[in-house]
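The structure appears below as structure tokens.
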Amino acid sequence: MTDPIVNNAELYRVLFENERVRVLEYLDQPGDQTQPHSHPDSVMVTLSSFRRRLRSATNEVEVELPAFQARWLDAQEHSGTNIGLTPTHSIFVELKEPRVDSGAGGRLGPVAS
């Protein structure tokens, strides 16, 4: 796992951390890019509207998100570029505990996307 705080220290900062979660703030400007990094299962809260290009080893996608949305993110590794005209400002609540699966192999509880 490649820590975003290490690979992108100028864009991420730790707001809170304990044995169960880590809360990160992400803030960039139009044109800024991140180096590849990973997140465990997380909840992302957008504090601004933004447009980004996200790249993983197997996929590239452009996303445009409104401000003040909460979204579930499965664990992932990616890099990104702010391709919009506004800063990207978001909060990540990273879960440190392993995912709990039901006996049937599915997730417990609702998942928002």
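We did not get these values from a lab; they are worked out from the coordinates using the rules stated. For clarity, every value in this text was computed on a predicted model and none was experimentally measured.
Taking the DSSP bridge list for the chain and keeping only pairs wholly inside it, about 100 percent are antiparallel. Could you work out the relative contact order of the chain? I mean the mean sequence separation of Cα pairs under 8 Å and 6+ apart, divided by the number of residues, in percent. Reported relative contact order: 32 percent. Amide H contacts under 5 Å for GLY84: GLY31, ARG51, restricted to partners 5 or more places along the chain or on a different chain, H placed in the peptide plane at 1.01 Å from N. Here's how it looks for GLN76: its modeled amide H is under 5 Å from those of HIS39, which are all 5 or more places away or on a different chain. If a/c stays under 1.5 just call it rounded; otherwise compare a/b with b/c (prolate if a/b is bigger, oblate if not). Do that for segment 4-95, with a ≥ b ≥ c from the square roots of the Cα gyration tensor eigenvalues. Taking the square roots of the gyration eigenvalues as a ≥ b ≥ c, segment 4-95 is rounded.
To check you understand DSSP bridge types, tell me what percent of the beta bridges within segment 27-92 (both residues inside) are antiparallel, rounded to 5. Can you show the working numbers first?
Numbers: 23 of 23 bridges.
If we restrict to bridges inside segment 27-92, about 100 percent are antiparallel.
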